[in-house]
Amino acid sequence: MRAHPTDRPADLDVIRESYDRVSDNYAHMVVTTGVGDIRRHPWLKASIDAFADTVSELGPVLDVGCGPGTVTAYLAERGLDVSGVDLSPRMIENARRLHPRCRFRVASATDLDLAEASLGGVLGWWSLFNLPRDVLPQVLALFARALRPGGHFITATHVGDEDVVRTEAYGGVPVRWTTHKWQPEQLVDLIERAGLTLVAELRLPDEEYGGPGVVVMAKRPG
Ligand SMILES: C[S@@+](CC[C@H](N)C(=O)[O-])C[C@H]1O[C@@H](n2cnc3c(N)ncnc32)[C@H](O)[C@@H]1O
């Protein structure tokens with residue numbers, strides 16, 4: 001049973017169609033250039049490794065906004081009981097094609113029916129920045145409730161104050177989505193308001209990551 005229904009973003013269908021359109025280019029980019037593959041970014045890999053080490057014995061892990069499944073597959077290779085979920089059916093088709101042994105399904109972060117205390121870990125890895133500013137706190141509360149006591153959440157996102165409207169992405173493909181950037185302090189505050197305790201925060205400089213970013217890990221107390 002869900003505690004509270006989450007508001008449906010008004011632009012959810014447009015975002016889904018946009019990610020469907022860029023999905024093949026995105027998957028190709030990850031496979032051929034390593035951009036978006038944590039194995040090529042030591043600090044991102046270190047963050048995911050720390051998360052994996054922490055949650056490996058805690059229960060199932062859900063990679064929300066998994067895209068073509070790069071991180072899901074990495075965690076599965078490490079022996080975690082992990083599955084991926086994504087808004088875009090085409091992303092999930094690519095994830096299944098690239099990682100046929102992993103489990104994936106189509107759903108929005110705003111439409112997940114997660115049982116209380118059912119997960120050891122949740123990821124929102126570069127996948128929560130399209131959520132409207134008033135919807136992200138609801139999704140974080142959903143994640144917090146779904147975590148077991150001691151379970152961990154990790155997220156990576158773009159840092160800034162702006163709401164950037166993207167009209168093309170990943171090789172000039174026409175898209176329509178808004179990237180809601182967050183200041184690390186704001187994001188940590190939202191995560192703590194959802195009931196989680198900050199574990200670590202890693203700031204990523206502009207030069208190396210195509211814009212400043214932040215990784216935050218937090219846990220459900222208990
Ligand atoms: C930049 S990609 C990142 C994919 C993957 N996490 C990675 O690191 O390669 C953003 C992903 O978030 C997904 N996404 C956007 N809004 C979402 C939502 N409301 N629910 C679930 N997935 C969403 C998109 O479909 C896309 O696959």
Computed ³J(HN,Hα) along segment 163-168: with the Karplus parameters 6.51/-1.76/1.60, θ = phi - 60°, integer Hz and x for glycine or proline, the list is 10, 9, 8, 9, 10, 8
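Taking only complete DSSP H runs, can you tell me which helices of the chain stretch 27 Å or more along their own long axis by Cα positions and average at least -0.5 on the Kyte-Doolittle scale? Write out the running numbers ahead of the final one.
Details: long enough: 12-33 (29 Å, -0.30).
Span-like helices, by this rule, are 12-33.
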Residue span GLU162 to GLU116: 0.36 nm per residue of separation minus Cα-Cα distance leaves a gain in nm of 13.2 nm
The correct pair for segment 12-219, radius of gyration to one decimal and Dmax as a whole number, both in Å and from Cα atoms, is 15.6, 44
With Cα springs under 10 Å, the Gaussian network model of the chain assigns the largest mean-square fluctuation among HIS152, HIS41, HIS99 to HIS41
Inter-part gap, Cα centre of segment 1-56 to Cα centre of segment 107-178, in whole angstrom, is 9 Å
A correct Karplus calculation of ³J(HN,Hα) over segment 195-201, with 6.51 cos²θ - 1.76 cosθ + 1.60, θ = phi - 60°, whole Hz and x for Gly and Pro, returns x, 9, 10, 4, 10, 7, 9
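With a cut-off of 8 Å between alpha carbons and a minimum separation of six or more residues, what is the relative contact order of the chain in percent?
20 percent
Let's see if you can work this out: charge +1 on each Lys and Arg Cβ, -1 on each Asp and Glu Cβ, no other charges. What is the dipole magnitude of segment 12-219 about its Cα centre, in debye to the nearest 20? Numbers along the way, then the final one.
Values: 21 positive and 28 negative charges, 110 e Å.
In debye, rounded to 20, segment 12-219 gives about 540.
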With only helices counted (DSSP H, runs n ≥ 4, each -39500 (n - 2.57)), the per-residue ellipticity at 222 nm for the chain, to the nearest 500, works out to -11000 deg cm²/dmol
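Just add up the charged neighbours of HIS152: K/R +1, D/E -1, any other residue whose Cβ is under 15 Å from the Cβ of HIS152. Don't jump to the answer; show the numbers that get you there.
Details: positive: ARG78, ARG145, ARG148, LYS219, ARG220; negative: ASP49, ASP53, GLU57, ASP63, ASP81, GLU192, GLU201.
Net charge in that neighbourhood comes out at -2.
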Where a ≥ b ≥ c are root eigenvalues of the Cα gyration tensor, a/c under 1.5 meaning rounded, otherwise prolate if a/b exceeds b/c and oblate otherwise, segment 57-143 counts as oblate
Among trypsin sites (Lys or Arg not before Pro) in segment 84-167, those in a DSSP loop whose Cβ has at most 16 other Cβ atoms within 10 Å are ARG101, ARG133
Within the set ASP206, ASP86, ASP111, GNM on the chain using Cα springs under 10 Å gives the largest fluctuation to ASP206
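Rule-based calculations on the coordinates, nothing more; no lab input. Nothing here was measured: the structure is a model prediction, and the numbers come from that model. Please note: Cβ atoms are built from the backbone with ideal geometry, for glycine as well, and neighbour counts cover all protein chains shown.
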